[in-house]
Amino acid sequence: MASKFWTQGGSDTEEEETDIEDEIENGGAGETAAAAAGSRYLQTNASDSDDSDGQKRVVRSAKDKRFEEMASTVDQMKNAMKINDWVSLQESFDKINKQLEKVMRVTESDRVPNLYIKCLVMLEDFLAEALANKEAKKKMSSSNHKALNAMKQKLKKNNKQYEELINKYRENPESEEEKFEDENEDEDEDESGSELEDPSQIAAESSDEDDEGEDMDDDDADGAWEKKLSKKEKLMDREFKKDPSEITWDTVNKKFKEVVAARGRKGTGKFEQVEQLTFLTKVAKTPAQKLEILFSVISAQFDVNPGLSGHMPINVWKKCVQNMLVILDILVQYPNIVVDDRVEPDENETQKGADYDGTIRVWGNLVAFLERIDNEFFKSLQCIDPHTREYVERLRDEPLFLVLAQNVQEYLERIGDLKSAAKVALRRVELVYYKPQEVYDAMRKLAELSEDGETDGDETKVEETRGTSAFVVTPELVSRKPTFPENSRALMDILVTLIYKSGDERTKARAMLCDIYHHALFDEFSIARDLLLMSHLQDNIQHMDVSTQILFNRAMAQVGLCAFRVGLIAEGHGCLSELYSGGRVKELLAQGVSQSRYHEKTPEQERLERRRQMPYHMHINLELLEAVHLICAMLLEVPNMAANSLDAKRNVISKTFRRLLEVSERQPFTGPPDNVRDHVMAATRALCKGDFQKAFDVINSLDVWKLLRNRESVLEMLKAKIKEEALRTYLFTYCSSYDTLGLDQLTKMFDLSDAQIHSIVSKMLVNDELHASWDQPTRCIIFHDVEYSRFQALAFQLTEKLSILAESNERAVEARFGGGGLDLPLRRRDNQEYAPGTAGGGGGRWPDLSYNQGRQGSSGRAAYTGGGRPLALGQASRDRSGQSRGTGGYSGRAGSGMRGSQMDASARMVSLNRGVRG
Amino acid sequence: MATYDLTPRIGPNLDRHLVFPLLEFLQERQLYPDEQILKAKIELLNKTNMVDYAMDIHKSLYHTDDVPQDMVERRVEVVARLKALEDAAAPLVTFLQNPNAVQELRADKQYNLQMLNDRYQIGPDQIEALYQYAKFQFECGNYSGAADYLYQYRALCTNSERSLSALWGKLAAEILMQNWDIALEELNRLKEIIDSKSFSSPLNQVQSRIWLMHWSLFIFFNHDNGRTQIIDLFNQDKYLNAIQTSAPHLLRYLATAFIVNKRRRPQFKEFIKVIQQDQCSYKDPITEFLACVYVNYEFDGAQKKMKECEEVILNDPFLGKRVEEGNFSTVPLKDEFLENARLFIFETYCRIHQRIDMGVLFEKLNLNYEEGERWIVNLIRNSKLDAKIDSKTGTVIMEPNQPNVYEQLIDHTKALQGRTYKLVGQLLEHAQAQPAR
């Protein structure tokens, strides 16, 4: 596109400008003659080559007509004034306003014709006069009087818009026009060459072919809904396009204020507003102004969202992201612009141009916007049906957000706002933490692919649209392509390190949970466990907000799965059992609404719950989780039941499992296993008899195993565990029937090696679970006859009860006398474990998202913000940050007393499965 | 056999000078090529002032008499600096060398400072110079001088940070001079300070503890009573935490100490749990041995590990200390370790067996038949083992030790009686006290 053409176009517009002035002159406003002359002088200076254009004439005639109409209306008004006819005056006033609109459209100027202003001034004066003249007022007819009052109101309202112009006109009716032009001229000269070209470009295009201009609008809008541009919208576009050189900071600012003020008002179309503002960004004069307007655009785009439960339209979301990227471009290009939401900047702060040296403050909060964008993304995933293509399409937008977050974070880090950077980092963490390596790789590839494919087309398009329109051209400085490390762990490490260093407590806690989840996902059980215990999150999680509690539950579930995968059955059960104890696992993990028979939920609660739901792709497979939980419980509980066959009620490891077993035993027929539960129950029945093969086969036939990455090895492990527990169960159950039992026989029965059996049995012997000993030369287990007679067993029970009685006596005395002087033996404390109800095992540890959650959650949050209990996370994070990540491994992990806490915390973890073995 | 060498992990936690003994040991054991070790030594010496020594090593490494220019330059620089520091500290040094003058010092620090200032014109600057001088002496390898000066500096110093680093310096010097008794004293002093001082961050405190533990290895494995003390120190919660988080390799020394020490059995069980828990972060044959015997009950595995342990001990600078006895050089710790390890295996083995074939047993214990029989007879004679040897079948038969049911019942109820009496007594006491009031 030859610049020559543009310059031509530019001068063309100048020409038109003069025409308008002429029109005004002709329209009977004699006073402005001098001003018009002045301006023409200046203009001819500015445009050295005047071209005549065929089109011009047409335009002029149209304009002529409009102006003539207007002038005649003014004349009518003058007449009405003379006869003091307010009714007709009011009519004329409405008429002139309509005409004004037309005139403005035709001239495509944002400036109001002087004629109109003059008329307003005249009206105002007349009105004041009429109001002052009370006698005349009294004499008026009622209709006239009414019209006067109505006029008073209307004029007041109307004049507000033009206050400035009116004032200017009043001050100096002659030179007003001139000054205006001067300003324009100055500013134009200030602009760099390229910037000068752009406005003229628009002007030319729009003046040459109106149709094309419209097309271009649509291009800009690039969305279906924007096609329905309102008339007003087009009007505004043209307004600006016709007179690019005349657009000043002031005009843009004024328009901007006007549009912003309309925000939220009745009748203000949300889309329209976005469009208007988007257009304004193109005509913004200074980078700072563009930035300011862009912020408003984004706010307006957020407004588009229909309601709290719905999500933002996806194309708006995408545009929002693009806008954010442009904001970043500007911020990167002009490092002296500071975005801040704490100080109210000057009115004219944004007037400072690109070459201004000092810092320019613009109101805005990048992090808040980013978080909002993320929330909208999350919400959209919540709302879209996960089984549709739309959902997948939506998921593909994730890299788009990630790149934005990455850029924002980089920017924030550069300006040293680490705290905000940590917040942004958390958002990124939360998008990555649940992804196994395969999914992560897929995302990475997608990001590369889509960007490669799109960049060509996209970029040229973007350039075109932006190039043709924007005054302030912002080159794409920040990368539009996310960069992902090879390994998701690496990414996580970078991000969480940043967060641990500079995030606030909640951010750190969430990042820690994500970290734990991620480690667990990658089968790093010991690391995940250490992190969990060191951070003391278990102690504090009740005081946190609901979504963090959900995250905690998810992390716990994942840690449990991880423990199972690496073969730590007891630990796995410890993690999962509490999740299943209430039967509300769906609710706890926010993966669906569970219906409860006993509690009716209010709609409010239901809505809250729905808003907490995890999007489908983040779900932890519930069937797998249940299978793992029940299998863990089975492996622990079956030998345990066999060991305590006499006193089955005493040592219950998993209440849930026991209950299920009871239910299944009560069934008259046991059909073939149907769901996960049935499978595990069938396996349990086999295992009770010591039939490991059948137990394993049943478990193996579950189809959830295909969800595991290392399926083979997990099943291998599971088989070994089942054999081991089958052996133990067998020994417990039938030890009374044997006097000796050969090692060889056991090897054959359980398909285990000598060494394994020896080790397992030895363990049982040492732990006094089995009263027997090895006879080494004959490779036999010799069972000692320590079976108590019934009498003896009863005697033992009696003594036990006696000691409980003594204890309760002591406690009673203690309670009565305040325990002073009663130095009871320490072991009493341990004995309290006899008390029933401890089997539940600290049910309070799981954050309870029960029905009163709304209240609970909020109070928890209050406590949180009130600095309730300090999160011990600080400590753990400190040592995490002290970690030398480069060297790999956790060599540098340290922290005072933290290991101690780990010790006792791990003791607590162990206590979850206390009484497993003896 | 360099797989189990901990020098690279221990080194960073030691003072530069303290690494020398380790390197010397490695050189002696020839785990690494000589050249590497010599190079490491030069590297080590680079930052110290022992330039002459570095030159010697350089010569022997490259078999030349030429010395690189920078070493020569460094030497000149060091000498000059030494001179300057000596001058600066001279007034105080001369004062301290005068026994009469030193007698005027009292326990009161303030008084001393005042007195020095008034009568000898020795102010804070000179005292500071003494510290620098002592440090320099230490850097030059003159440990005894450094130790003396540091001792005196501590008497005069008012800055607690400085005093702490002086203490570290003193400890290092004493270790290097192998004054184990004094070093132990210094160690305890330092430990108290570390435990009581409030550090800027817990991380620093842990780091100090880690250093302290590493340094203490020199003392504990040389001092007579060290093996008990190492357990006392390392097994404290705070120190154990530090080990687990930052230096799990120290578990080797703690495990060894537990094995060779018979007096600390109560803590042993706890320690086994720690070993079990930390198997993922650190393991070597010694900890694995314990895991085999006490966690997995794999006696064949334990036996294999025992053999590996022997190697590890011989190659460990702290554990494999040699004692020259006439023509033999023995490693006393090794023998002790093996003896105790054997006992551990046997003990556990006996617990779960009724009858053991002696041949198999001795194989597990790495003993020959004769030796083994004698060993068992000794055990039985010392009534450490409740068993009999059946010579005919070549087996050891354990005496069953099932507690009598009635005894158990009595045990259970015995305590009840006492408790009830106590309760009643308390009640009566209370009842009497009330009317009296």
| query | For A:799-807, what's the mean count of beta carbons from other chains sitting within 10 Å of each residue's beta carbon? | reply | 3
| said: Please state the shape class of the stretch B:329-398: rounded when a/c is under 1.5, otherwise prolate if a/b exceeds b/c and oblate if not, all from the C-alpha gyration tensor. | reply: prolate
| Long-range amide H contacts for A:V362: which residues qualify at under 5 Å (H placed 1.01 Å from N, peptide plane, sequence gap of 5 or more or a different chain)? | A:V338, A:V339, A:D340
| Which residue, B:Q126, B:Q97, B:Q277, tops the fluctuation ranking in a GNM of chain B built on C-alpha contacts under 10 Å? | B:Q97
| field | Karplus-derived HN-Hα couplings along the stretch A:740-752 (A = 6.51, B = -1.76, C = 1.60, θ = phi - 60°), whole Hz, x at Gly and Pro | value | 10, 9, x, 4, 4, 4, 4, 4, 5, 5, 10, 6, 10
| task | Return the average number of partner chain Cβ atoms within 10 angstrom of each residue Cβ along peptide B:235-247. | result | 5
| query | When chain B is treated as a GNM, springs tying every alpha-carbon pair under 10 Å, which of B:Q114, B:Q276, B:Q229 comes out with the largest mean-square fluctuation? | reply | B:Q114
| Using the eigenvalues of the Cα gyration tensor, what equivalent ellipsoid semi-axes result for chain B when each is taken as the square root of five times the eigenvalue, whole Å, largest first? | 51, 36, 17
| query | What list of ³J(HN,Hα) couplings, whole Hz, do you get for the stretch A:315-326 from phi and the Karplus terms 6.51, -1.76, 1.60, once you set θ to phi - 60° and write x for glycine and proline? | reply | 5, 5, 4, 5, 5, 4, 4, 4, 4, 4, 5, 5
| Other chains' Cβ within 10 Å of B:405-413 residues: what's the mean? | 4
| How about the stretch B:17-79: which trypsin sites (Lys or Arg not before Pro) there lie in a loop by DSSP and see at most 16 other Cβ atoms within 10 Å? | B:K47
| request: Tell me the trypsin sites (Lys or Arg not before Pro) within the stretch A:615-676 that lie in a loop according to DSSP and have at most 15 other beta-carbon atoms within 10 Å. | output: A:K649, A:R650
| Among B:K422, B:K135, B:K197, which one moves the most in a GNM of chain B with springs linking Cα atoms closer than 10 Å? | B:K422
| query | What does the convex hull of the alpha-carbon atoms of the stretch B:184-258 project to on average, in nm²? | reply | 4.5 nm²
| Shape category assigned to the stretch A:485-638 from the gyration tensor of Cα positions, a/c cut at 1.5 | oblate
| task | Mind checking the stretch A:753-812 for GluC sites (Glu not before Pro) that DSSP puts in a loop (not H, G, I, E or B) and that have at most 13 other Cβ atoms within 10 Å? | result | A:E787
| field | Intensity falloff of the stretch B:159-291 expressed as log10 I(q)/I(0), Debye formula with alpha-carbon point scatterers, at q = 0.16, 0.18, 0.23 Å⁻¹ | value | -0.82, -1.01, -1.41
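Bear in mind these aren't lab numbers, they're just calculated from the coordinates by the rules spelled out. Remember, it's a predicted structure, so these values are computed and weren't measured experimentally. Cβ coordinates were reconstructed from backbone atoms using ideal geometry, including for glycine residues, and neighbour counts include every protein chain displayed.
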